[in-house]
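The values are calculated or read from the model by the stated rules, or taken from the named source; none is laboratory data. If you're wondering where the values come from, they're calculated on a predicted model, not measured in any experiment. When we count neighbours, we look across all protein chains shown, and the Cβ atoms used for this are built from the backbone with ideal geometry, even at glycine.
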Amino acid sequence: MGLEQQLADFNAKFEASAPTGAAAFLNSKIEELTAGFPLVRVPKPGDLAPEFSLPGVAGETISLLETLARGPVVLTFYRGAWCPYCNIQLAAYQRVLPALAEAGGSLIAVSPQKPDGSLSMTEKNNLTFDVLSDTGNVVARKFGLVYKLPDDLKAAYSSFSVDLAAINGDDSWELPIPATFVIGRNGRVQLAHAEADYRKRLAPEAIVDALRAAEGA
């Protein structure tokens, strides 16, 4: 089953079991964000990707520049381990990791959650790629991905026991929209996919194809 179908199936189950009105409310907030989010700020193919260094789950520092020295990089921004859509996405990317490696690439996943949350993510999903903590969304902001949750959505998340202040270690209640980039050895973006609707993610097959093209360029 493909990633798109997995996400759709999960969403259907959620909407069927969610408290009365919850699904309609969340759908309305997704539509609101999608209509208003300034995607023009997000790097496009041909743009130079912003350089960064972030801590991994073991406390090591991972640099985009140093990783690119070994080959193209697939860089994906996700919301956090608390987001089931993110868990489905990263598990799907883990399954194609051999194909990514065969194409010469590396995979880096970034979220604003604290390092202990990133560690939980890797353990829970048996992830073997780099999962980094972007405290304060500093790097996500460079990529033009950050938005602040409105008060009514903040209250809804809190009712679902999602306390972003505790999870991310700050009280900003900001998140990145999910986004995936394929970055060539030269540091330029080869493929960019940013989606304000967090229920939609880039298919692994598209990433593998773009990575092969980036390595062959």
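With the structure loaded, tell me whether Q113 is of a type outside the set (A, V, I, L, M), at pLDDT 90 or above, within 25 Å of F10 (Cβ to Cβ) and outside any loop (DSSP other than H, G, I, E, B) or whether it fails that test. Criteria not met by Q113. In the set (1) part of a helix (DSSP H, G or I); (2) within 21 Å of R201 (Cα to Cα); (3) hydroxyl-bearing (S, T, Y); (4) in contact with a Ser or Thr (Cβ under 7 Å, 6 or more places away or on another chain), the condition left unmet by T76 is number (1). Of all residues in the range 149-159, those being exposed (fewer than 13 other Cβ atoms within 10 Å of the Cβ) and either of a type in the set (G, A, S) or more than 10 Å from W173 (Cβ to Cβ) (or both) number 3. Check the range 4-12 and report whether any residue there is outside any helix (DSSP H, G or I) and modelled with pLDDT under 95. Within the range 4-12 (the criterion being outside any helix (DSSP H, G or I) and modelled with pLDDT under 95), the answer is no, since none of the residues qualifies. R212 meets all of the listed conditions (1) closer than 19 Å to L68 by Cβ; (2) charged (D, E, K, R); (3) modelled with pLDDT of 95 or more but one, namely (3).
For the range 139-182, the tally of residues that are without any contact (Cβ under 8 Å) to a residue 12 or more places away in the chain, assigned to a helix (DSSP H, G or I) and not acidic (D, E) stands at 7. Residues of the range 93-109 that are touching a residue at least 60 places away in the same chain (Cβ under 8 Å) and either over 28 Å from R141 (Cα atoms) or not in a helix (DSSP H, G or I) (or both): R95, V96, A99, A103, G104, G105. Looking at the range 173-185, which of its residues are modelled with pLDDT of 95 or more and either among the acidic types (D, E) or surrounded by fewer than 20 Cβ atoms within 10 Å (Cβ to Cβ) (or both)? W173, E174, listed by residue number.
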